Amino acid sequence: MRIDILTLFPEMFPGVLGSSILGKAAEKGIVEFHVTNFREYSESKHGTVDDTPYGGGGGMVLKPEPLFRAVEAIAGDTRPRVILMCPQGRPYTQKIAEELAKEEHLVLICGHYEGYDERIRQHLATDEISIGDYVLTGGELAAMVVIDSIVRLQPGALGNETSAVTDSYTTGLLEHPHYTRPAEFRGWKVPDVLLSGHHANIERWRLKESLRRTLERRPELLARIELTEEMRRLLQEIEQEKNTGGHPD
Ligand code: ADE
């Protein structure tokens, strides 16, 4: 997979793209990152990339020419997905990450401070993505979030192949609690079942705690998945425990 990033602040990227899972994925050749300062594609000798808005008002607007020229130079005859990072975009989810992870080539465009000339949205971008209902100073951090979530889904990127499969959101449920040694810390004990070595009971506990956590924190996620018989039974147990004030831990 190849990921191009168009930004006015390329110096923001080497740390994130060169570290941890992303850095290893690039080293292994699973992904290739190309960070380009689109100021290089400005047609003016001063490297101008923005201008005042038609109709007046404050702020600056990113001009179309540098971004069109940069994307066209990168794409050549190919048609990569061209993703505009912006607060007005489609709210980003694991489902979109899974969809984008299948692409061979992505181009991510990061604006900074300014808005985009509308012709960039209409005739250059294939997608617009927002990572949440808040406004960042630029698309760079948002692009890093999107890249991280996509690269970790590439086969071979995670050391433990199964860990992406049990992720929160991949299963449609939030993850169950995790514990490691010591079995007792400051009087707080690890649930007995996890020390029992009984795998079926452990799996059942994990599923139940995933359901409990999802019900408590993100009940709307439960409505989106198809519940198995076992899940229904466990949810009933959780409801009963709520009524009787009981909780196994
Ligand atoms: N640029 C500024 N804010 C953003 C957001 N929430 N998501 C994506 N890009 C952005």
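The values are calculated or read from the model by the stated rules, or taken from the named source; none is laboratory data. Predicted, not measured: the structure shown is a model, and the values here were computed from it. Methodologically, a virtual Cβ is constructed for each residue, glycine included, from the backbone with ideal geometry; neighbour enumeration extends over all protein chains shown. These accessible areas exclude ligands, DNA and RNA; they are computed on the full protein's heavy atoms, side chains included. Shrake-Rupley method; radii C 1.70, N 1.55, O 1.52, S 1.80 Å.
Before moving on, here are some points about what is shown:
Conditions tested, residue by residue: (1) open to solvent by less than 70 Å² (accessible area, probe 1.4 Å); (2) part of a loop (DSSP other than H, G, I, E, B).
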{"residue": "Leu207", "(1), (2)": "yes, no"}
{"residue": "Arg212", "(1), (2)": "yes, no"}
{"residue": "Leu215", "(1), (2)": "yes, no"}
{"residue": "Leu221", "(1), (2)": "yes, no"}
{"residue": "Leu227", "(1), (2)": "yes, yes"}
{"residue": "Arg232", "(1), (2)": "no, no"}
{"residue": "Leu235", "(1), (2)": "yes, no"}
{"residue": "Glu239", "(1), (2)": "no, no"}
{"residue": "Lys242", "(1), (2)": "no, no"}
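- Unique residue being in contact with a Gly (Cβ under 9 Å, 6 or more places away or on another chain) and within 16 Å of the ligand (Cβ to nearest atom) when the list is Pro91, Pro53, Pro66: Pro91
- Hits in the range 75-108 (condition: touching a Ser or Thr at 6+ places or on another chain (Cβ under 8 Å), surrounded by 18 or more Cβ atoms within 10 Å (Cβ to Cβ) and part of a helix (DSSP H, G or I)): Ala97
- Matching residues, the range 109-124, being under 15 Å from Gly139 (Cα atoms) and open to solvent by 100 Å² or more (accessible area, probe 1.4 Å): Tyr113
- Unmet criterion (only one of (1) in a helix (DSSP H, G or I); (2) within 16 Å of the ligand (Cβ to nearest atom); (3) over 16 Å from the mean Cα position of the chain (by Cα)) for Val145: (3)
- Residue tally, condition within 8 Å of the ligand (Cβ to nearest atom), open to solvent by less than 50 Å² (accessible area, probe 1.4 Å) and not in a helix (DSSP H, G or I), over the range 125-142: 6
- For the range 16-51, the set of residues classified as closer than 15 Å to Val151 by Cβ, free of Cβ contacts under 8 Å to residues at least 40 places away in the same chain and open to solvent by 50 Å² or more (accessible area, probe 1.4 Å) consists of Gly18, Ser19, Ser20, Glu27, Gly29, Glu32, Val35, listed by residue number.
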